[in-house]
Amino acid sequence: MPIKVGRFRQKALGIFQPKPRVIRTRLANDVEVSTHEAGHAIQQLLGGGDMQRGEQVLNFQGFGEELYPLAEGQKGPKGAEGFAEFLRGYVTNQLAIHKAAPKFYAHFDDVMKRYAPEVLEVLENARTNFTRYLLQGPEARILSQISVDEREPARWPSLSSLYARALDQMHPLKRFAEDVLERAAKNGKPITLSPSHDPYLLARVFTGWAGKAETFLRHGTLDADMKVMGKSLKDILGPIDRADNLESFRAYAVARRALELSERKIETGIDPKDAKWEVENRELPGFREAFDDLQTYNNSLLQYLVDAGVISAEQKADIQKMNQAYVPFYRVLDEESTKRLQTGTGMTFADLFSPVKRIKGSARVILDPLESIVKNTYAMVNVADRNAVGLAIADLANLEGAGKYIRRIPTPMRGTAYNVADIQRELENAGVDVPEEAVENMLTIFRPESFHPSENVITVLREGKREYYEVEPDLYRAVKGLDREQANVFIKLLRKPAALLRAAATLTPEFMARNPIRDQATAAIFSKYGYRPIIDLVNGLSHLFKQDDVYWAWRSSGGAYSMLVSMDRKYLQQNLQDLMKTRMEKLKNVVRHPIDFLRMLSEFSESGTRLGEFHRGLKKEGATKDGKLLSAYASREVTLDFSRRGANMSSLNQVVAFFNANLQGYDKLFRAFREDPVKTSWKAIALLTVPSILLLLHNRRDKRWKEIPDWQKDLFWIQFTEKDIWRIPKPFEIGILFASLPERVVEHILDHSPQKVGARKVRNALLRGGSPGIIPTAALPVIENWANKSTFLDRPLIPYGRERLRPDLQYGDYTTETAKLIGRMLNQSPALLENTIRGYTGGMGRYALNASDLVLRKTGIVEAPPKPAIDFSEWPGFRAFAVRYPTASSQSVNDFYDYYDVEERAFASAKELRRDGKDEEADSIARDTGDLMGLRASLLKTHRDLSDLRKQAREINRDPDLTPEQKRVRLDALYLRMSARARDIVKRIEHPSAPPAPESRTVIPERKVVRR
């Protein structure tokens, strides 16, 4: 039970607050007062409370002659106060209280041992410590009150705190709500928390708050139940803009406002005569109606603040009465306006300001009032939604037992002193007779103190007035957003490459094509409302394309992506311009700006699945406010909610691209199993494991299966046709665990492969499945180049056999001419240069290099022989679903070089050890490598054969006389021979008892190719 100091107005030395169950004392470390108030708490505990006995087990009847005398001098019921004094004596003076109340002492001991032994143990420990304190000498007692070089003891954070820091910064809100509701249920007062009063749910959907502001601006104003009630700003200004009268309307609106303010004697900088002339002579058709609609729009924003408790209904009425012709008059270079333009849009849910300010008057230049209305919309919606979260937290403080987390405290008061003689003189001057006997030297009036929040104290606005609450530290940090890290200069430098990679990788056609397909299985498994793969995706895309009522309901309820909203003028002006554009004008703009087009496609690829889930949720929950909130939350949870993150993970996520996404993927999987392990397992096995194993058994019949690289098997389902090979993306984390791992295990069993081989494939599958890396994105290409190894593909960057060449000659068959040109200029490896570009720009970097190659060829800057013809597996977009086959980097070739490197290192090490006379260590190396060293001659021969075949491939690529189609046919034949040669030796290594495979005839399937 919390024992707090101060923050109560009663004149008592201490109080017990029964509903939140909190003890407050006037002074710190006041044992006697604390134990007295603890008596009231124990009386509540054993008289009902948590134990729900239906009758008091701690019976005062029959003990009045012992308890009542103890209550002398105490205010309140004699039985209750007598027991409180009894408990004080029980802890601080056991002998005296036993003598004063022997019968009740025995009754109390019996009751506590039977019904609350843990409480009795606490009391006895307190008594022992207090007695030990009294037995100390005077100096020791004095020193016990002095802290000298005393450090705060190191405390390990709780699991809940670690979870909040690493995975979910809003977790303390969830833990708080669940615990308080559980306590209420134990007390026999179960409560069902509606979504609109659930602080955790509101905080989660708050990240999409900008969608609600966009709804006001583009679709319609909203009421407290999130129903569209009036015209949007776009609907109001659209007709005027289409008539090309927007500039005149600005002047008209400012003139109307200036006339109203001039009547209130407020300086506007506008001559009232000019304003009157403008209104009387420049009121074009539609102006008056549009201006009246603007008043309705502004009043809707005020009502939204009322519904959220930011202002009261009375304040709204007063504001409307004084501002019947309102448009904002923010001023250029005005400090207060500048502060308001930087309205906080973070994740703080307490200590908020009211966005409604009293106008002061100024002659400075006025900011565009229409731009300012856009700013007001964002600011008011943001503050209202944040305060709604704060109110939901505060409302739970009224539940019994919530005092462990949150306690309402009185509004801080500050005394202001006045000289009574001055007051008397003023009254006498006003003709008021003041008797001499009423005069005192000083008069102190207490008034609410200006808001200065202290540690662990938050405020929320209710009906426009601040309420003060004391909260426990974890909850305080979550509500105030205190654990969120501030980026230092080093982090700011490192985050640029990660941000570039995130943007470039997610804007490629391949990502946008794969993403919705990959999400289908994930959504079907994690869905709350029975998501149907593909069907609901198409349904969601339909709502997204039409931007109908379902789409705007999704956005207004917080289901959409969180948006980066800036309150600077450039952003607001651009927003206002976009507001006036028709859909056709936006489409033209997209054509002119390809990046905007890619962003639009990226939104389609991500939002279709979520909208499909939201629509299914609406059908089940209904289009009420609670139904929309539940559906919006479900749409965030149906795949990954990218705005969900740990409070202390900001820096790491900024410098490591996709770190949070990988972390959240595994957490989402664990949460699903914790909430419903049977249902989640059944869905995962039915949708992932069974189809994957059946497909594997089918694919093994095709000889091409063995040559598909393992990384593709782990991340995709492979589907063979007679001529082509297709790949369907698997979900990341759950796909690896329930599809790829079972495939690798079954394949290991069927192939009878060595244990080490199977373990290696399982390990690699897990690593490829999205294990969160910790290497900063800025450093990863540098490290890969230094090691000459791709961490993702697990193969060398510089082609085999070219590592020892001059740097500018270290490139492969598919290295771009741009990289070769830069390599020659800088004397650097083109292969490593390409890896650096791809490491920072993803797939977009590859497109940029290919585009640069085209320019270099067309302009004659580089003269290169024709490239081999390409097939659909290399077309933009199509390459997301097609497998390139055959290839020089088949799985057999990669496996061979892995074994070859192991054998070469082992052979060289053993040779060196024998030279040093360390034969035992050399023999140990030979044993560890198994049969590899015995196959050294075969490995060397195969290595030479593969090198010869690679040389032939390079000659084919360089041949200026061969057509692209001829090159493609010859290269494919060489690649098949390389795979067959490598496959033979790999089989001998992994299956020593198997007979060598006969030389197979190279068969090249007919393929559709096109010239580069």
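Derivation of every value follows stated rules applied to the coordinates shown; laboratory data play no part. This one's a predicted model, so the numbers in the text were calculated from it and none came from an experiment. Don't worry about glycine lacking a Cβ; one is built from the backbone with ideal geometry, like all the others, and counts go over all protein chains shown.
Data table
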read-out: Spatially proximal lysines relative to Lys683 (Cα-Cα < 19 Å; intrachain offsets below 8 disregarded); value: Lys528, Lys668, Lys730
read-out: Added length on full extension, which subtracts the Cα-Cα distance from 0.36 nm per residue, Ala908 to Lys186; value: 252.8 nm
read-out: Hits among aspartates and glutamates - C-alpha to C-alpha of Lys480 under 16 Å, sequence gap 8 or more where chains match; value: Asp168, Asp351, Asp385, Glu455, Glu467, Glu470, Glu472
read-out: FRET efficiency estimate (nearest 0.05) - Cβ-Cβ, Ile783 to Phe490, R0 22 angstrom; value: 0.80
read-out: Packing rank of 91-102, 914-925, 218-229, where each peptide gets the mean count of other beta carbons within 10 Å, highest leading; value: 218-229, 91-102, 914-925
read-out: Residue order, fewest to most beta carbons within 10 Å, for Thr377, Thr268; value: Thr268, Thr377
read-out: Efficiency of FRET between Thr411 and Ala686 - r from beta-carbon atoms, R0 56 angstrom, step 0.05; value: 0.45
read-out: Fewest-first sequence of Lys78, Lys103 by Cβ atoms within 10 Å of each Cβ; value: Lys103, Lys78
read-out: In nm, spacing of pseudo-spin labels at Arg857 and Ser753 (7 Å Cα→C-beta vector); value: 3.7
read-out: Gain on full stretching of the segment that runs from Trp726 to Ile775 - 0.36 nm per residue minus C-alpha separation; value: 14.4 nm
read-out: Packing-based exposure ordering (other Cβ within 10 Å, fewest first) of Trp726, Trp786; value: Trp786, Trp726
read-out: Point-to-point label distance, Lys941-Thr624, nm (Cα→Cβ direction, 7 Å offset); value: 8.0
read-out: Highest average packing first - 956-962, 517-523, 969-975, Cβ atoms within 10 Å; value: 517-523, 969-975, 956-962
read-out: Alpha-carbon centroids, the stretch 771-814 and the stretch 838-914: separation in whole Å; value: 11
read-out: Calculated FRET value between Lys951 and Glu920, using beta carbons and R₀ = 51 Å, to 0.05; value: 0.75
read-out: Straight-distance crosslink candidates among aspartates and glutamates, where the alpha carbon sits under 14 Å from Lys619 and sequence neighbours closer than 8 are dropped; value: Asp536, Asp549
read-out: Potential extension, Asn29-Glu675 segment - 0.36 nm per residue separation minus Cα distance; value: 228.2 nm
read-out: Asp578 paired with Asp223, simple spin-label distance in nm, labels 7 Å along Cα-to-beta-carbon; value: 3.0
read-out: Over 18 Å (Cα to Cα) - which of Lys19/Lys404; Lys75/Lys99; Lys265/Lys321 fall in this group; value: Lys75/Lys99
